[in-house]
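*Asks:* Please find one structure pasted underneath; my questions will follow.
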Amino acid sequence: MPGAGAGGNDTLFPFFSDFKEAAVRLGLSIVETVVLASIFALALAANAGAIRLVLRRKGRPGAASCLVLNLFCADLLFISAIPVIAVVRWTESWTLGEAVCHLLFYLMSLSGSVTILSLAAVSLERVVSIVRLKPAKPWKGRLVAACLLSVWALAALATLPLSLFFSVQPLPTRGPEVYICTLVWPSIAGEIAWDVSFATVIFLIPGLVIVISYSKILQGFKSRGGAVIRMQYCRLLLLTAGCQQFDSDRLKFDSAFHPSEIAKASRRRLQVGMAYSERHHIRISQQDFKLFRTLFLLMISFFVMWSPIIITILLILVQKFQPDVNIASFVFFWIMAFTFSNSIVNPVLYNIVQFKHGWRQIFFCCQNPLGKKETTTDTSMKQQNGRHFTVSVITR
């Protein structure tokens, strides 16, 4: 994040403090307030509705659902900065004190970091669930909690310098009583080192994880129309049916049966199980692809709507060394407003793709058309009694 070295007040960037001309100050402030209030209200309603829809599902949320809920919580934290920004756009000079200055940009950067780390984590979870399809127990509550805690801890640690070095500074060019909340680094070398480290750990590495994960998922879906995945399911269910056939608790041997008759009965049962698994597999892969498509759209929207602010911040850093590069405060504000809009897009995309008509019940208090019931499917594999595996499809 750009700022200035100690003692370099002539190069401080005002961020959200914008000193407008008196003739247009009132009109511009009103427009900015309306835009911020609209984004805040829509984002708050959309994220609250999305959280409610996810929690309304029967049973305990799976790992992917918990990570998506974490994404919505990060959006709520992100838009919590909007009221503070609206106040600053009216006062122009910073009047909210040192504590708010330390927290404002820290919480905004924290929420953005949590968002991309959550997207990276859920992409890894989808790779394991869709592509590899190996018999594995569902994520336990402790494992999910540990994953979420790690995401927040890494993001909090990576963005900690913003809390330490953002401070209230006077702006002598505007008068002795004019203050701004800006970033003041102890040294230029430290600022560049943190910028590079932060961009690598929080954006570059998670971005590569997301791209590689979704590339593998797409390859799995396109490979012979899902034949590779279907083959793995059939093998698993073949093993399951075979174990069930010869399970001492379920199969009772009768001396009156000839061994060939038992073998024929076993083959018929296996054939029926495999035919059922083929039909059932189509249902599973469709639901997995639906969730994959939703998360893919969320990833695309994040990179599209966060890239402008990241590029702007880099240009602000460059303008300290290249005076010809000039980024105005109002440009930074409108790009930031565009980034805030991502907090609306995330829950809306998720609701429309995953729940179709269910989101209308939240915002318009109406029932699903034609009495249709929204369903979502989770694929899980459980090991029973330590002897065999079963594949379960849970429809909610």
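*Asks:* Mind running the shape call on the stretch 1-121? Use the C-alpha gyration tensor, a ≥ b ≥ c as the square roots of the eigenvalues: rounded below 1.5 for a/c, prolate if a/b tops b/c, oblate otherwise.
*Replies:* Oblate is the answer for the stretch 1-121, as a/c is 1.5 or above yet b/c matches or exceeds a/b.
*Asks:* Step by step: find N for the stretch 11-67, compute 2.2 N^0.38 Å, then divide the Cα radius of gyration by it. What's the final number?
*Replies:* That ratio works out to 1.93.
*Asks:* Could I ask something else about it? Using a cut-off of 15 Å between beta-carbons, work out the net charge of the residues near Leu162 (Lys and Arg +1, Asp and Glu -1, Leu162 not included).
*Replies:* -3
*Asks:* Provide the net charge surrounding Leu149, with neighbours chosen by a C-beta distance below 15 Å and charges set as Lys +1, Arg +1, Asp -1, Glu -1.
*Replies:* +2
*Asks:* In whole Hz, with x marking every Gly and Pro, tabulate ³J(HN,Hα) for the stretch 25-39 from phi via Karplus 6.51 cos²θ - 1.76 cosθ + 1.60, θ = phi - 60°.
*Replies:* Running phi through 6.51 cos²θ - 1.76 cosθ + 1.60 with θ = phi - 60° gives 4, 5, x, 5, 5, 5, 4, 5, 5, 4, 5, 5, 5, 5, 4 Hz.
*Asks:* Using a 7 Å offset from the Cα along the Cα-to-Cβ direction at both Asp324 and Leu160, what is the distance between the two label points in nm, to one decimal?
*Replies:* 4.1
*Asks:* Scaled to the compact-protein estimate 2.2 N^0.38 Å, what is the alpha-carbon radius of gyration of the stretch 88-215, rounded to two decimal places?
*Replies:* With N residues counted in the stretch 88-215, Rg over 2.2 N^0.38 Å equals 1.42.
*Asks:* Quick check: convex hull over the Cα atoms of the stretch 145-203, volume per residue in Å³, rounded to an integer?
*Replies:* 104
*Asks:* With every atom except the alpha carbons ignored, what do you get for Rg and Dmax of the stretch 84-125, in angstroms?
*Replies:* Every Cα atom of the stretch 84-125 included, Rg and Dmax give 15.1, 46 Å.
Read-outs throughout are calculated quantities, based only on the coordinates presented, and are distinct from any laboratory measurement. Predicted, not measured: the structure shown is a model, and the values here were computed from it. Cβ atoms come from the backbone with ideal geometry, glycine included; neighbour counts cover every protein chain shown.
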